[in-house]
Amino acid sequence: MNVYAVLRDSDSNGSCIIKSISLTQKLQKELTGYIPFKSYEDENIKQIRFSGEYKPDEQEVLYINKFYNPFKEFDSITDTLNKSDIDNIKFLAFVDSQKIAYQSFDSRKIITPEKWFLIYSDNTYSKIDKKGLIIDSRIDALYLKKEEKLLFFSYRNAIKIFDLGKYYREATEDELNLFTKEEIFIFNEGFDKNLLSSKMRKKIFMIQKNEILTKIKNNFNQVVNYAKKLNVDEMFDKNNKKIIFPKEKKNIEKLLNFLNEDLYESPISGLIYETNSKKLVTE
(Lines give C-alpha, C1' and ligand atoms only; values in the text may rest on other atoms or scores of the structure.)
Protein backbone atom coordinates (compact mmCIF):
# COMPACT_ATOMS: atom_id res chain seq x y z
CA MET A 1 0.00 0.00 0.00
CA ASN A 2 1.27 3.45 -0.97
CA VAL A 3 0.32 6.68 0.78
CA TYR A 4 -0.22 10.08 -0.82
CA ALA A 5 -1.03 13.56 0.44
CA VAL A 6 -3.36 15.84 -1.50
CA LEU A 7 -2.45 19.44 -0.72
CA ARG A 8 -4.70 22.50 -0.47
CA ASP A 9 -2.45 24.29 -2.95
CA SER A 10 -3.02 24.11 -6.71
CA ASP A 11 -0.56 24.02 -9.57
CA SER A 12 -0.47 26.47 -12.49
CA ASN A 13 -3.32 24.57 -14.20
CA GLY A 14 -5.55 24.77 -11.14
CA SER A 15 -5.17 21.09 -10.32
CA CYS A 16 -4.53 19.84 -6.80
CA ILE A 17 -0.93 19.08 -5.93
CA ILE A 18 -0.38 15.47 -4.89
CA LYS A 19 2.78 14.14 -3.25
CA SER A 20 3.77 10.68 -2.11
CA ILE A 21 4.65 9.98 1.52
CA SER A 22 7.84 7.97 1.82
CA LEU A 23 7.58 5.28 4.51
CA THR A 24 9.97 2.72 5.86
CA GLN A 25 9.38 -0.79 4.55
CA LYS A 26 8.34 -1.99 8.02
CA LEU A 27 5.80 0.81 8.43
CA GLN A 28 4.40 0.27 4.97
CA LYS A 29 3.65 -3.38 5.78
CA GLU A 30 2.09 -2.50 9.14
CA LEU A 31 -0.12 0.14 7.55
CA THR A 32 -2.12 -2.45 5.60
CA GLY A 33 -3.42 -3.95 8.83
CA TYR A 34 -3.89 -0.55 10.48
CA ILE A 35 -6.35 0.91 7.94
CA PRO A 36 -9.76 -0.70 8.71
CA PHE A 37 -11.03 -1.77 5.28
CA LYS A 38 -13.17 -4.44 6.95
CA SER A 39 -15.45 -1.77 8.39
CA TYR A 40 -16.63 -1.19 4.81
CA GLU A 41 -16.37 -4.69 3.38
CA ASP A 42 -17.86 -6.74 6.24
CA GLU A 43 -20.60 -9.02 4.90
CA ASN A 44 -22.86 -7.85 7.73
CA ILE A 45 -22.70 -4.25 6.50
CA LYS A 46 -25.67 -3.34 4.31
CA GLN A 47 -24.99 -0.96 1.43
CA ILE A 48 -27.54 1.86 0.91
CA ARG A 49 -27.62 3.98 -2.25
CA PHE A 50 -26.82 7.58 -1.33
CA SER A 51 -29.62 10.10 -1.79
CA GLY A 52 -28.62 12.73 0.77
CA GLU A 53 -31.80 12.15 2.75
CA TYR A 54 -31.01 9.02 4.70
CA LYS A 55 -28.93 8.70 7.84
CA PRO A 56 -27.35 5.22 7.88
CA ASP A 57 -27.58 2.99 10.92
CA GLU A 58 -24.53 1.44 12.55
CA GLN A 59 -24.53 -1.58 10.23
CA GLU A 60 -25.09 0.41 7.02
CA VAL A 61 -22.80 2.20 4.59
CA LEU A 62 -23.75 4.64 1.83
CA TYR A 63 -22.59 4.20 -1.76
CA ILE A 64 -22.54 6.00 -5.12
CA ASN A 65 -22.20 3.89 -8.28
CA LYS A 66 -20.25 5.05 -11.34
CA PHE A 67 -18.72 7.80 -9.26
CA TYR A 68 -16.50 10.30 -11.06
CA ASN A 69 -13.37 10.32 -8.93
CA PRO A 70 -10.90 13.16 -9.60
CA PHE A 71 -8.45 11.61 -7.11
CA LYS A 72 -7.83 8.10 -8.41
CA GLU A 73 -4.66 8.45 -10.52
CA PHE A 74 -1.50 8.23 -8.41
CA ASP A 75 0.89 6.10 -10.49
CA SER A 76 2.58 9.10 -12.10
CA ILE A 77 3.26 10.92 -8.81
CA THR A 78 7.00 11.37 -8.26
CA ASP A 79 7.21 14.34 -5.85
CA THR A 80 7.69 13.43 -2.21
CA LEU A 81 6.04 15.18 0.73
CA ASN A 82 8.52 17.27 2.70
CA LYS A 83 8.34 19.00 6.04
CA SER A 84 7.13 22.33 4.63
CA ASP A 85 4.17 20.60 2.91
CA ILE A 86 2.61 19.18 6.06
CA ASP A 87 0.66 22.33 6.96
CA ASN A 88 -1.01 22.27 3.53
CA ILE A 89 -2.34 18.71 3.58
CA LYS A 90 -6.04 18.49 2.75
CA PHE A 91 -6.44 14.73 2.92
CA LEU A 92 -4.50 11.46 2.67
CA ALA A 93 -4.99 8.63 0.19
CA PHE A 94 -4.01 5.00 0.84
CA VAL A 95 -3.71 3.19 -2.47
CA ASP A 96 -3.41 -0.44 -3.50
CA SER A 97 -4.26 -2.30 -6.69
CA GLN A 98 -7.99 -2.63 -5.96
CA LYS A 99 -9.05 0.28 -3.78
CA ILE A 100 -8.26 3.73 -2.42
CA ALA A 101 -9.01 4.82 1.13
CA TYR A 102 -9.32 8.51 1.93
CA GLN A 103 -8.79 10.27 5.23
CA SER A 104 -9.36 13.97 5.93
CA PHE A 105 -6.55 15.93 7.52
CA ASP A 106 -6.41 19.03 9.71
CA SER A 107 -4.11 20.83 12.13
CA ARG A 108 -4.95 18.44 14.96
CA LYS A 109 -3.02 15.73 13.09
CA ILE A 110 0.18 17.77 12.79
CA ILE A 111 3.05 17.12 15.19
CA THR A 112 5.20 20.21 15.75
CA PRO A 113 8.09 20.92 18.12
CA GLU A 114 6.01 23.81 19.50
CA LYS A 115 3.54 21.30 20.92
CA TRP A 116 4.74 19.10 23.73
CA PHE A 117 4.31 15.53 22.48
CA LEU A 118 5.87 13.31 25.14
CA ILE A 119 7.12 9.76 24.54
CA TYR A 120 7.48 7.30 27.39
CA SER A 121 10.57 5.08 27.58
CA ASP A 122 12.30 3.47 30.58
CA ASN A 123 10.22 5.39 33.16
CA THR A 124 11.16 8.68 31.49
CA TYR A 125 9.33 11.00 29.12
CA SER A 126 11.10 12.74 26.28
CA LYS A 127 9.79 15.43 23.95
CA ILE A 128 9.40 15.02 20.16
CA ASP A 129 11.54 17.72 18.60
CA LYS A 130 10.74 17.10 14.92
CA LYS A 131 7.75 17.89 12.73
CA GLY A 132 5.47 15.04 11.71
CA LEU A 133 1.93 13.93 11.04
CA ILE A 134 -0.59 11.58 12.59
CA ILE A 135 -2.31 8.88 10.53
CA ASP A 136 -5.72 8.03 11.94
CA SER A 137 -7.20 4.54 11.67
CA ARG A 138 -10.55 5.95 10.52
CA ILE A 139 -11.46 6.01 6.82
CA ASP A 140 -13.73 8.80 5.56
CA ALA A 141 -14.37 7.25 2.14
CA LEU A 142 -13.41 4.13 0.20
CA TYR A 143 -13.23 3.93 -3.60
CA LEU A 144 -13.39 0.55 -5.36
CA LYS A 145 -11.48 0.93 -8.61
CA LYS A 146 -13.00 -1.86 -10.70
CA GLU A 147 -16.60 -1.09 -9.73
CA GLU A 148 -16.06 2.72 -9.80
CA LYS A 149 -17.95 2.76 -6.53
CA LEU A 150 -17.62 5.21 -3.63
CA LEU A 151 -18.47 4.08 -0.09
CA PHE A 152 -18.80 6.24 3.01
CA PHE A 153 -20.50 6.19 6.40
CA SER A 154 -20.86 9.94 6.88
CA TYR A 155 -21.83 12.57 4.31
CA ARG A 156 -20.19 15.30 6.43
CA ASN A 157 -16.87 13.48 6.41
CA ALA A 158 -17.09 12.46 2.74
CA ILE A 159 -17.52 16.07 1.57
CA LYS A 160 -14.21 16.92 3.23
CA ILE A 161 -12.71 14.82 0.42
CA PHE A 162 -15.11 15.05 -2.52
CA ASP A 163 -17.55 17.54 -3.97
CA LEU A 164 -20.89 15.71 -3.72
CA GLY A 165 -22.95 18.72 -4.79
CA LYS A 166 -24.21 16.79 -7.82
CA TYR A 167 -26.00 14.44 -5.45
CA TYR A 168 -27.10 16.57 -2.48
CA ARG A 169 -26.84 20.24 -1.49
CA GLU A 170 -28.80 23.44 -1.13
CA ALA A 171 -30.40 24.89 -4.25
CA THR A 172 -28.39 27.80 -5.62
CA GLU A 173 -29.91 31.25 -6.21
CA ASP A 174 -30.19 30.49 -9.94
CA GLU A 175 -31.93 27.19 -9.17
CA LEU A 176 -34.31 28.93 -6.76
CA ASN A 177 -35.16 31.47 -9.44
CA LEU A 178 -35.92 28.68 -11.91
CA PHE A 179 -38.01 26.91 -9.27
CA THR A 180 -40.12 29.99 -8.55
CA LYS A 181 -40.70 30.52 -12.28
CA GLU A 182 -42.14 27.04 -12.82
CA GLU A 183 -45.45 27.42 -14.63
CA ILE A 184 -47.17 24.98 -12.29
CA PHE A 185 -46.88 27.43 -9.37
CA ILE A 186 -49.07 30.35 -8.41
CA PHE A 187 -47.16 32.74 -6.15
CA ASN A 188 -49.04 35.16 -3.94
CA GLU A 189 -47.84 38.71 -3.57
CA GLY A 190 -45.42 39.13 -0.73
CA PHE A 191 -43.58 35.83 -1.15
CA ASP A 192 -40.15 36.21 0.42
CA LYS A 193 -37.33 33.85 -0.61
CA ASN A 194 -35.54 34.73 2.64
CA LEU A 195 -38.07 32.51 4.41
CA LEU A 196 -36.44 29.50 2.77
CA SER A 197 -34.18 27.84 5.32
CA SER A 198 -31.16 25.72 4.49
CA LYS A 199 -33.30 22.62 5.01
CA MET A 200 -35.95 23.93 2.61
CA ARG A 201 -33.36 24.80 -0.04
CA LYS A 202 -32.03 21.25 0.13
CA LYS A 203 -35.54 19.93 -0.41
CA ILE A 204 -35.96 22.22 -3.42
CA PHE A 205 -32.71 20.85 -4.86
CA MET A 206 -34.00 17.28 -4.44
CA ILE A 207 -37.40 18.17 -5.95
CA GLN A 208 -35.64 19.55 -9.02
CA LYS A 209 -33.10 16.72 -9.17
CA ASN A 210 -35.83 14.06 -9.06
CA GLU A 211 -38.03 15.96 -11.57
CA ILE A 212 -40.95 15.88 -9.13
CA LEU A 213 -42.83 18.78 -10.74
CA THR A 214 -42.85 17.04 -14.12
CA LYS A 215 -44.25 13.91 -12.49
CA ILE A 216 -46.97 15.98 -10.79
CA LYS A 217 -47.95 17.59 -14.12
CA ASN A 218 -48.34 14.14 -15.64
CA ASN A 219 -50.47 12.84 -12.75
CA PHE A 220 -52.04 15.98 -11.32
CA ASN A 221 -55.46 14.60 -10.31
CA GLN A 222 -53.93 11.56 -8.67
CA VAL A 223 -51.51 13.79 -6.72
CA VAL A 224 -54.38 16.04 -5.57
CA ASN A 225 -56.31 13.03 -4.29
CA TYR A 226 -53.31 11.98 -2.22
CA ALA A 227 -52.84 15.59 -1.06
CA LYS A 228 -56.35 15.47 0.40
CA LYS A 229 -55.35 12.55 2.60
CA LEU A 230 -52.38 14.55 3.89
CA ASN A 231 -54.36 17.77 4.40
CA VAL A 232 -52.39 19.79 1.87
CA ASP A 233 -55.04 19.87 -0.87
CA GLU A 234 -55.81 23.55 -0.14
CA MET A 235 -52.50 24.34 -1.86
CA PHE A 236 -53.71 22.77 -5.12
CA ASP A 237 -55.98 24.40 -7.70
CA LYS A 238 -57.50 21.31 -9.30
CA ASN A 239 -59.44 23.19 -12.00
CA ASN A 240 -56.37 25.00 -13.35
CA LYS A 241 -53.89 22.27 -12.40
CA LYS A 242 -51.73 24.65 -10.41
CA ILE A 243 -49.94 24.55 -7.06
CA ILE A 244 -50.64 27.58 -4.88
CA PHE A 245 -47.34 28.38 -3.22
CA PRO A 246 -47.92 29.70 0.33
CA LYS A 247 -46.20 32.75 1.77
CA GLU A 248 -46.15 31.60 5.41
CA LYS A 249 -43.02 29.73 6.47
CA LYS A 250 -44.94 26.94 8.21
CA ASN A 251 -47.03 26.21 5.12
CA ILE A 252 -44.03 26.50 2.78
CA GLU A 253 -42.31 23.81 4.81
CA LYS A 254 -45.46 21.67 4.69
CA LEU A 255 -45.74 21.96 0.91
CA LEU A 256 -42.04 21.22 0.33
CA ASN A 257 -42.28 18.17 2.58
CA PHE A 258 -45.17 16.94 0.46
CA LEU A 259 -43.43 17.64 -2.85
CA ASN A 260 -40.25 15.94 -1.63
CA GLU A 261 -42.27 12.91 -0.53
CA ASP A 262 -41.50 13.45 3.15
CA LEU A 263 -45.16 13.21 4.26
CA TYR A 264 -47.05 9.95 4.35
CA GLU A 265 -50.21 8.45 5.82
CA SER A 266 -49.90 5.26 7.81
CA PRO A 267 -52.07 2.57 6.19
CA ILE A 268 -52.51 1.02 9.65
CA SER A 269 -53.40 3.93 11.94
CA GLY A 270 -54.33 6.55 9.36
CA LEU A 271 -52.00 9.00 11.11
CA ILE A 272 -49.90 11.44 9.07
CA TYR A 273 -46.13 11.37 9.58
CA GLU A 274 -43.24 13.56 8.47
CA THR A 275 -39.94 11.82 7.77
CA ASN A 276 -36.50 13.32 8.36
CA SER A 277 -34.65 10.35 6.86
CA LYS A 278 -35.61 8.02 4.03
CA LYS A 279 -34.08 5.46 1.74
CA LEU A 280 -35.20 3.92 -1.52
CA VAL A 281 -36.10 0.24 -1.17
CA THR A 282 -37.41 -0.30 -4.72
CA GLU A 283 -35.88 0.88 -8.00
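The values are calculated or read from the model by the stated rules, or taken from the named source; none is laboratory data. None of these values were measured; they are calculated from a predicted model. Methodologically, a virtual Cβ is constructed for each residue, glycine included, from the backbone with ideal geometry; neighbour enumeration extends over all protein chains shown. Accessible surface areas use protein heavy atoms only, side chains included; no ligands, DNA or RNA. Shrake-Rupley method; radii C 1.70, N 1.55, O 1.52, S 1.80 Å.
Assuming a ≥ b ≥ c are the square roots of the Cα gyration tensor eigenvalues, decide whether region 43-118 counts as rounded (a/c under 1.5), prolate (otherwise, with a/b larger than b/c) or oblate. List each step's numbers first, then the result.
On the way: a/c = 2.70, a/b = 1.58, b/c = 1.71.
Here region 43-118 falls in the oblate category.
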Largest-first ordering by accessible area, 1.4 Å probe, given options T172, T24: T24, T172
Partner aspartates and glutamates for K72 [C-alpha distance under 16 Å; skip if fewer than 8 residues away on the same chain]: D96, D140, E147, E148, D163
Extension gain (nm, one decimal) between F191 and N251, 0.36 nm per residue minus Cα-Cα: 20.4 nm
Tensor-based shape of region 161-211 (alpha-carbon gyration tensor, a/c under 1.5 rounded, otherwise prolate or oblate): prolate
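Could you rank Y40, Y120 by how accessible they are, 1.4 Å probe, largest area first? Don't skip to the end; give the middle numbers.
Working: Y40 5, Y120 120 Å².
The most accessible residue leads, giving Y120, Y40.
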Pairwise FRET efficiency - E175 versus S137, Cβ, R0 = 45 Å, nearest 0.05: 0.70
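What is the extension gain from D79 to D237, computed as 0.36 nm multiplied by their sequence separation minus the C-alpha to C-alpha distance, in nm to one decimal?
Values: separation 158, 0.36 × 158 = 56.88 nm, distance 6.40 nm.
So the extension gain works out to 50.5 nm.
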Rough spin-label spacing in nm, given labels placed 7 Å along Cα→Cβ, for K38 and S154: 2.2 nm
Most fluctuating residue given options N177, N260, N69, as computed from a GNM of the chain linking Cα atoms under 10 Å: N177
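Which whole-number percent gives the relative contact order of region 144-283, counting Cα pairs below 8 Å spaced six or more residues apart?
Working: 114 pairs, mean separation 31.3, N = 140.
Relative CO of region 144-283 lands at 22 percent.
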Prolate/oblate/rounded call for the chain, Cα gyration tensor, a/c under 1.5 rounded: prolate
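Would you tally the net charge around P36, using a Cβ to Cβ cut-off of less than 11 Å, leaving P36 out, and scoring K and R as +1, D and E as -1? Mind showing how you got there, number by number?
Details: positive: K38, R138; negative: E41, D42, D136.
Overall, the nearby charge balance is -1.
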14 Å Cα-Cα reach of K109 towards aspartates and glutamates, excluding residues that sit fewer than 8 places from it in its own chain: D85, D87, D136
Farthest toward positive dipole pole in region 115-265 [+1 Lys/Arg, -1 Asp/Glu at C-beta], among L196, L263, Y120: Y120
Helical contribution to [θ] at 222 nm, DSSP H n ≥ 4, -39,500 (n - 2.57), averaged over the chain, rounded to 500: -6500 deg cm²/dmol
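With both bridge residues required to lie in the chain, what share of the DSSP beta bridges run antiparallel, to the nearest 5%?
Numbers: 36 of 44 bridges.
Expressed as a percentage, antiparallel bridges in the chain total about 80.
I need the calculated FRET efficiency for the pair S269 and R108, taking r as the beta carbon distance and R₀ as 45 Å, to the nearest 0.05. Before the final figure, lay out the partial values.
Working: r = 48 Å, r/R0 = 1.07.
Between S269 and R108 the formula returns 0.40.
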Table column - 3J(HN,Hα) (Hz), region 81-96, Karplus curve with 6.51, -1.76, 1.60, x for Gly and Pro: 5, 10, 4, 6, 7, 4, 5, 9, 5, 9, 7, 10, 10, 10, 10, 10
Accessible-area value, I48, 1.4 Å probe, nucleic acids and ligands omitted, Å²: 10 Å²
Region 63-95 versus region 167-227: alpha-carbon centroid distance in Å: 38 Å
Inter-probe distance in nm under a simple model that places probes 7 Å from Cα toward Cβ, at D87 and D129: 2.2 nm
Note, ³J(HN,Hα) from phi for region 160-165, Karplus 6.51, -1.76, 1.60, rounded to Hz, x at Gly and Pro: 6, 9, 10, 7, 9, x
Inter-probe distance in nm under a simple model that places probes 7 Å from Cα toward Cβ, at K46 and L23: 3.4 nm
